[in-house]
Amino acid sequence: MSTGAPTISELIAQERRLTQPRFGYDDAYALGGLLVALARERHAPVAIDIRRGSQQLFHAALPGSSADNDAWIERKRKVVERYGESSYLVGTRFRAKGTTFEESSRLDPDTYAAHGGSFPIAVEGAGVIGSVTVSGLPQAEDHALVVEALEQFTARPQA
């Protein structure tokens, strides 16, 4: 992986690589716990949200986070729901065209934010069924934290 911001192809590869064989309530709890542990190790002031469809399966707010992080989660998650791709990938696609999501998407920036930190939960044979979102760090770090947790989650032994 490059040392700078990930490229569009790297972001797409992350999404393909992190497709899950299944994703249920216990999986959301396990992934959420992993994210909390990683964030606590780093003293990261984040809020974490995991959803399947419109149902919130996991939420945590760590010290230093605020209700503002929940608002960012909502806006980033809406991008994943609309585009079926990570919020970071969507924003990166607009930047690659020499514009910004806010300038060119024609979507209300009070409702949608194509900033890093929300990642689609995709299941083999079903496609995108939900999202995992982190807010509280710079967007590249929010995205990287989610990807790191998903990589560990995906590599764990299956029960």
Worksheet item: Once amide H atoms are built 1.01 Å from N in the peptide plane, which residues 5 or more positions from residue 135, or in another chain, come under 5 Å H to H?
Response: 47
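Contour minus end-to-end for residue 99 and residue 71, with contour as 0.36 nm per residue of separation and end-to-end as the Cα-Cα distance? All intermediate terms of the calculation are to be shown ahead of the outcome.
On the way: separation 28, 0.36 × 28 = 10.08 nm, distance 2.40 nm.
Going from the current span to full extension adds 7.7 nm.
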Worksheet, complete the sentence: Rounded to the nearest whole number, the Stokes-Einstein translational diffusion coefficient of the chain at 25 °C and 0.890 mPa s (Kirkwood radius, C-alpha pairs) in µm²/s is 158 µm²/s
Fill in: Inter-part distance where the stretch 121-149 and the stretch 86-100 are each reduced to a Cα centre, Å
16 Å
Practice prompt. Take 51, 40, 95 and sort them by solvent-accessible surface of the protein heavy atoms, 1.4 Å probe, largest at the top.
Written response: 40, 95, 51
Item to complete: May I ask you to give the percent of accessible area on the stretch 29-111 that is carbon plus sulfur, with a probe radius of 1.4 Å?
Response: 48 percent
Worksheet entry | Karplus-derived 3J(HN,Hα), 6.51/-1.76/1.60, for each residue of the stretch 127-135, Hz, glycine and proline x | x, 6, 10, x, 8, 10, 9, 10, 9
Worksheet item: Relative contact order, percent, of the stretch 93-159 when contacts are C-alpha pairs under 8 Å separated by at least 6 residues?
Response: 23 percent
Discussion item. Skipping prolines and chain starts, which residues have an amide H placed within reach, meaning under 5 Å, of the one on residue 58, given they are 5 or more residues away or on another chain?
Written reply: 50
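Can you tell me which of 13-22, 71-80 comes out highest on packing, and rank the rest after it, using the mean Cβ neighbours within 10 Å? Before the final figure, lay out the partial values.
On the way: 13-22: 14.8, 71-80: 23.3.
Most protected by this proxy first, the peptides run 71-80, 13-22.
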Practice prompt. Work out, step by step, the length gained on full extension between residue 59 and residue 141: first 0.36 nm times the residue separation, then minus their alpha carbon distance; give nm to one decimal.
Written response: 27.6 nm
Worksheet entry | Max mean-square fluctuation residue, GNM over the chain, Cα-Cα springs under 10 Å, options 120, 45, 63 | 63
Discussion item. Under 8 Å for C-alpha pairs, at least 6 residues apart: give me the relative contact order for the chain, rounded to a whole percent.
Written reply: 28 percent
Fill in: the stretch 38-54 - phi-based ³J(HN,Hα) in whole Hz, Karplus 6.51/-1.76/1.60, Gly and Pro as x
4, 5, 5, 3, 9, 6, 7, x, 10, 10, 10, 9, 10, 10, 10, x, 8
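Can you tell me the accessible area per residue over the stretch 12-159, all protein chains present, probe 1.4 angstrom, in square angstrom? Let's see the in-between values first.
Numbers: 7120 Å² over 148 residues.
Per residue, the stretch 12-159 has an accessible area of 48 Å².
The values are calculated or read from the model by the stated rules, or taken from the named source; none is laboratory data. What you see is a predicted model, and the numbers here were worked out from it, not measured in a lab. As a convention, Cβ positions derive from the backbone with ideal geometry for all residues, glycine included, and neighbour counts pool all protein chains shown. Ligands, DNA and RNA are excluded from the accessible area calculation, which covers all protein heavy atoms including side chains. Shrake-Rupley method; radii C 1.70, N 1.55, O 1.52, S 1.80 Å.
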